[in-house]
1. Take the residues in segment B:70-86 that are open to solvent by less than 20 Å² (accessible area, probe 1.4 Å) and assigned to a strand (DSSP E or B); name whichever of them is farthest from residue A:119 (Cα to Cα).
2. Return only the number of the condition from (1) at the interface with chain A (Cβ under 9 Å from one of its Cβ atoms); (2) touching a Leu at 6+ places or on another chain (Cβ under 7 Å); (3) of a type outside the set (A, V, I, L, M, F, W, C); (4) closer than 28 Å to residue B:12 by Cα that residue B:141 does not satisfy.
3. Which condition does residue A:108 not pass, out of (1) within 27 Å of residue B:34 (Cα to Cα); (2) in a helix (DSSP H, G or I); (3) free of Cβ contacts under 8 Å to residues at least 24 places away in the same chain; (4) open to solvent by less than 30 Å² (accessible area, probe 1.4 Å), if it passes all the others?
4. May I ask you to say which residue of B:22, B:66, B:16, B:38 is in contact with a helix residue (DSSP H, G or I) (Cβ under 7 Å, 6 or more places away or on another chain), of a type outside the set (Val, Ile, Thr) and surrounded by 16 or more Cβ atoms within 10 Å (Cβ to Cβ)?
5. Among the residues of segment B:18-46, how many are assigned to a helix (DSSP H, G or I) and over 18 Å from residue A:71 (Cα atoms)?
6. Only one of (1) at pLDDT 95 or above; (2) open to solvent by 60 Å² or more (accessible area, probe 1.4 Å); (3) touching a helix residue (DSSP H, G or I) at 6+ places or on another chain (Cβ under 9 Å) fails for residue B:90. Which number is that?
7. Of all the residues that make up segment B:111-127, how many are farther than 15 Å from residue A:146 by Cβ and assigned to a loop (DSSP other than H, G, I, E, B)?
8. Yes or no: segment B:16-34 includes at least one residue that is more than 25 Å from residue A:141 (Cα to Cα) and not acidic (Asp, Glu).
2 protein chains.
Amino acid sequence: MLSIDAARREDVPLLLSLIRELAEFEKLAHEVVATEPLLEESLFGARPVVEAVLARVSGEPAGFALYYHNYSTFLGRPGLYLEDLYVRPEHRGQGVGHSLLAYLARLAAARGCGRLEWSVLDWNRRAVEFYEAIGARPVTGWTVYRVTGEALARLAAES
Amino acid sequence: MLSIDAARREDVPLLLSLIRELAEFEKLAHEVVATEPLLEESLFGARPVVEAVLARVSGEPAGFALYYHNYSTFLGRPGLYLEDLYVRPEHRGQGVGHSLLAYLARLAAARGCGRLEWSVLDWNRRAVEFYEAIGARPVTGWTVYRVTGEALARLAAES
């Protein structure tokens, strides 16, 4: 019995543990510095910047999605950007990820968003095949650039 | 004399014309369906989803940046995502783009964002060299996937 519901404030510790599981799976656990207070502020603070939804199977947490609005200047509209999608290993292959994506597709439609987007690790072939099967296509010809840490501080110090 | 200021409601027609110039430069003009009302709603509506800043040289519009907040689950913090950065051809090579990026880096710092990110067209070597020079680095190993149009509607119709 699968249920999909918007995360609530009391779900923050569960969400953070699922984020850590996802990071382990992605071999990026060393990058997780988020804390419960930071996550709670981001989701439920005075100015929420992100939203989350939880999937449960017979009441047991099975996975989650965390998302925010991005924007297309050319469309003049917001889109929905899926920052994280995770299904616990013991619940994979049962349609949980599919149901989470369908929930987000309905939300995108309800909010007038023309696109649902996310990023996938290139080595995660199982995820790529799943995404291709539901009709998602890679956005090619663009590279994401990032400035962070000392380079960002140096840039901020310039005029 | 370069000035950099947050865009105002009366700048919407100018911004849309600059967005169209950018799309021409990117050979993507056919993708622009944004209108002044859509852009005004996105920037200055009841729930703004995006912000913009204009660069002027001696009062003449020279370029713009349009941005919103993205989010890193691993950091537990928002970042700043630069959707568009454009400098008119006659104002290139004079530090306008650099000044726009420095403005955004200061904004990122003031808002507690750990990252400033954007996407660049792979064939735009001049832009890539400029971004590398200020310390930005490509985010590799990830591919963006997108579901839109009929595939998005089909997904939304599933449970």
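The values are calculated or read from the model by the stated rules, or taken from the named source; none is laboratory data. This structure is a prediction, so every number in the text was calculated from the model and none was measured. Virtual Cβ from ideal backbone geometry, glycine too; neighbours counted across all protein chains shown. The accessibility values were calculated without ligands, DNA or RNA, using every heavy atom of the protein model including side chains. Shrake-Rupley method; radii C 1.70, N 1.55, O 1.52, S 1.80 Å.
1. Per the stated criteria, the residue is B:86.
2. (4)
3. Among (1) within 27 Å of residue B:34 (Cα to Cα); (2) in a helix (DSSP H, G or I); (3) free of Cβ contacts under 8 Å to residues at least 24 places away in the same chain; (4) open to solvent by less than 30 Å² (accessible area, probe 1.4 Å), the lone unmet condition for residue A:108 is (3).
4. Working: B:22 fails: in contact with a helix residue (DSSP H, G or I) (Cβ under 7 Å, 6 or more places away or on another chain); B:66 fails: in contact with a helix residue (DSSP H, G or I) (Cβ under 7 Å, 6 or more places away or on another chain); B:38 fails: in contact with a helix residue (DSSP H, G or I) (Cβ under 7 Å, 6 or more places away or on another chain).
None of the others qualify; the one that does is B:16.
5. Start the filter on segment B:18-46 by keeping residues that are assigned to a helix (DSSP H, G or I), which leaves B:18-25, B:29-31, B:36-44.
Filter once more, so that each one left must be over 18 Å from residue A:71 (Cα atoms): B:21, B:24-25.
Matching residues across segment B:18-46 total 3.
6. Unmet for residue B:90, out of (1) at pLDDT 95 or above; (2) open to solvent by 60 Å² or more (accessible area, probe 1.4 Å); (3) touching a helix residue (DSSP H, G or I) at 6+ places or on another chain (Cβ under 9 Å): (3).
7. Keep residues of segment B:111-127 that are farther than 15 Å from residue A:146 by Cβ, which gives B:111-112, B:121-126.
Now restrict to residues that are assigned to a loop (DSSP other than H, G, I, E, B): B:111-112, B:122-124.
Qualifying residue count, segment B:111-127: 5.
8. The first filter runs over segment B:16-34 and keeps only residues more than 25 Å from residue A:141 (Cα to Cα), leaving none.
Looking through segment B:16-34, none of the residues is more than 25 Å from residue A:141 (Cα to Cα) and not acidic (Asp, Glu).
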